[in-house]
1. Can you list which of the chymotrypsin sites (Phe, Trp or Tyr not before Pro) found in the stretch 1-105 are DSSP loop residues with at most 15 other C-beta atoms within 10 Å?
2. For Thr1 and Arg79, what does the FRET efficiency come to when R0 = 30 Å and r is the distance between their Cβ atoms, rounded to the nearest 0.05?
3. Which GluC sites (Glu not before Pro) in the stretch 1-78 pass both tests, a DSSP loop state and at most 14 other beta-carbon atoms within 10 Å?
4. Do any trypsin sites (Lys or Arg not before Pro) in the stretch 1-83 lie in a DSSP loop with no more than 11 other beta carbon atoms within 10 Å, and if so, which?
5. Want the number for Ser71 to Tyr94: 0.36 nm per residue separation, take away the alpha-carbon distance, what's left?
Amino acid sequence: TFVVVNDRREILTRLSEPDFDYRRIAVLEKPPEPLPEPDSLPAGSITIVQRQPEKLTLRGELKRAALLMISEIFYPEWRATIDGQPAEILRADYCLRALPELIQLFSTTTGGCSTSESSSAS
């Protein structure tokens, strides 16, 4: 589940509300594409294949479109691909990364790169 809040101050206000469930709701600055399909069941599974300072390799089997939250700091110079095609990394919960599907991440600043295999969710 996600909510879209465009104002950064409002994002911080929303995150600090005592009843906000950060484990179930992501606060995004814009809607993801594809939109995650609402469902109470897990969307699939994600496995960390390799993790290095400048490389993160994930493998996933998704049953439906989903939003993957990564508890790492968002940085605008990171780039992403989904099945080899450029994709957008979303800013979530003010400072973290969210991915509309399992993707490759790489940094243009450090030259780090990752490879990723995924099943497209539909």
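1. Sites meeting the loop and neighbour criteria: Phe20, Tyr22, Tyr94.
2. Efficiency computed from Cβ-Cβ geometry: 0.65.
3. In loop regions of the stretch 1-78 (DSSP not H, G, I, E or B), the sparsely surrounded GluC sites (Glu not before Pro) are Glu54, Glu77.
4. Hits after loop and neighbour filter: Arg23, Arg24.
5. 7.1 nm
Quick note: the coordinates plus some simple rules give every number you see, no bench work behind them. Keep in mind that this is a model prediction, so the values were computed, not measured. All Cβ positions, glycine included, derive from the backbone under ideal geometry; neighbour counts span all protein chains shown.
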